[in-house]
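Trainee: One structure, pasted below without further comment.
The values are calculated or read from the model by the stated rules, or taken from the named source; none is laboratory data. Predicted model, so just to flag it, every value in this text is computed and none were measured. Counting neighbours? That spans all protein chains shown, and the Cβs are built from the backbone with ideal geometry, glycine included.
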Amino acid sequence: MFVHPQFDPIAIHIGSFGIHWYGLMYLLGFLAFLALGKWQINHRKWHGWTIPMLDDALFYGALGVILGGRLGYVLFYQFDYFIQHPMEIFAVWQGGMSFHGGFLGVLVAMWLFGRKYHLKWLGIMDFVAPLVPIGLGAGRMGNFINAELWGRATNSNFGMIFPNVDNILRHPSQLYEFTLEGIALFLMLWIYSAKPRATGTISALFLIGYGSFRFLVEYTREPDAYLGLLSMGLSMGQWLSLPMVLAGIGMFVICQKRQA
């Protein structure tokens, strides 16, 4: 049994100004994107990519993550509330981001990026996919530091008490997600993309991997209080992850056949 340390959510205090851990995790994700992307350009055969283009892709992607993540949270999780309080949609400092919304935002952003540089959309997504999981893992570590998005109660001896919630032993689901969505997904995609692959299959593997890991971890994560569990006892996160898995499987099969 472990007790959450209850970290200060502000990593660096500068007078009345503070730099939050969660912001630093976003920064770490963006820096990992650049470092890994540069390594791919210099050491792997990614035709048509340059370092300045990578910087531009990060700018487009960051906008997609922030705008899509916020809109996704509004639409998927608290639509009724924000309809009644529309000005709070812009209050991003109060928290509230959705991975699935951010994912859709990145898809649109990369489509616009492709139009600018005359690159095929699937080829762009294949390049980007292995660069993303480190950022996802960093975000989950930010959730853990902030003691948010905690897990469901557990009867096993392995668990963690979150004093800011209650004294019940719970799954440290943020750490499960860090391990699966961050480390495991990164290794899976990085190793798979080391060799030339059929266009679209790396992106498809990302959909399958993330969707599957997120679906499984949701069984240990406390459902959002304002939503609870939905039909068939599944959470919103699970319902949003299922289409990713199905689309990824279909996409993988189709892309492999086209390459054959």
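Trainee: Taking only the stretch 48-76 into account, find how many residues are farther than 19 Å from Gly114 by Cα and buried (at least 20 other Cβ atoms within 10 Å of the Cβ).
Mentor: Number satisfying all stated conditions: 4.
Table: residues versus (1) over 20 Å from the mean Cα position of the chain (by Cα); (2) at pLDDT below 90; (3) outside any helix (DSSP H, G or I); (4) among the aromatic types (Phe, Trp, Tyr).
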site: Pro5; (1), (2), (3), (4): yes, no, yes, no
site: Gly18; (1), (2), (3), (4): yes, yes, yes, no
site: Phe33; (1), (2), (3), (4): no, no, no, yes
site: Trp46; (1), (2), (3), (4): yes, yes, yes, yes
site: Ala57; (1), (2), (3), (4): no, no, no, no
site: Leu71; (1), (2), (3), (4): no, yes, no, no
site: Ile83; (1), (2), (3), (4): yes, yes, no, no
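Trainee: Among the residues of the stretch 108-120, write down those that are buried (at least 16 other Cβ atoms within 10 Å of the Cβ), assigned to a helix (DSSP H, G or I) and of a type in the set (A, V, I, L, M, F, W, C).
Mentor: Going through the stretch 108-120, the residues buried (at least 16 other Cβ atoms within 10 Å of the Cβ) turn out to be 109-110, 113-114, 119.
The next check asks that each one be assigned to a helix (DSSP H, G or I); those that pass are 109-110, 113-114.
Those that are buried (at least 16 other Cβ atoms within 10 Å of the Cβ), assigned to a helix (DSSP H, G or I) and of a type in the set (A, V, I, L, M, F, W, C): Ala109, Met110, Phe113.
Trainee: Take the stretch 185-195 and flag every residue that is over 15 Å from the mean Cα position of the chain (by Cα) and either in a helix (DSSP H, G or I) or under 21 Å from Met110 (Cα atoms) (or both). Reasoning before the result, please.
Mentor: We begin by selecting, within the stretch 185-195, every residue over 15 Å from the mean Cα position of the chain (by Cα); these are 187-188, 190-195.
Residues satisfying the conditions are Leu187, Met188, Trp190, Ile191, Tyr192, Ser193.
Trainee: Give the residues of the stretch 212-229 that are of a type in the set (A, V, I, L, M, F, W, C) and in contact with a helix residue (DSSP H, G or I) (Cβ under 6 Å, 6 or more places away or on another chain), sorted by residue number.
Mentor: The first filter runs over the stretch 212-229 and keeps only residues of a type in the set (A, V, I, L, M, F, W, C), leaving 213, 215-217, 225, 227, 229.
Passing the criteria: Phe213, Phe215, Val217, Leu227.
Trainee: Determine, yes or no, whether Ala204 is touching a Cys at 6+ places or on another chain (Cβ under 8 Å), in contact (Cβ under 8 Å) with a residue 40 or more places away in the chain, in a helix (DSSP H, G or I) and over 19 Å from Val3 (Cα atoms). Steps first, please.
Mentor: Working: touching a Cys at 6+ places or on another chain (Cβ under 8 Å): yes; in contact (Cβ under 8 Å) with a residue 40 or more places away in the chain: yes; in a helix (DSSP H, G or I): yes; over 19 Å from Val3 (Cα atoms): yes.
Yes.
Trainee: Only residues that are of a type in the set (S, T, N, Q) and in contact with a Lys or Arg (Cβ under 9 Å, 6 or more places away or on another chain): list them for the stretch 220-255, please. So that I can check it myself, show each step before the final result.
Mentor: First, pick out the residues of the stretch 220-255 that are of a type in the set (S, T, N, Q): 220, 231, 235, 238, 241.
If the condition is that a residue be of a type in the set (S, T, N, Q) and in contact with a Lys or Arg (Cβ under 9 Å, 6 or more places away or on another chain), then Thr220, Ser235, Gln238, Ser241 are the ones that fit.
Trainee: Also, quick follow-up: Please verify whether Leu149 is in contact with a helix residue (DSSP H, G or I) (Cβ under 9 Å, 6 or more places away or on another chain), assigned to a helix (DSSP H, G or I) and either surrounded by fewer than 20 Cβ atoms within 10 Å (Cβ to Cβ) or of a type outside the set (S, T, N, Q) (or both), treating the condition exactly as stated.
Mentor: no
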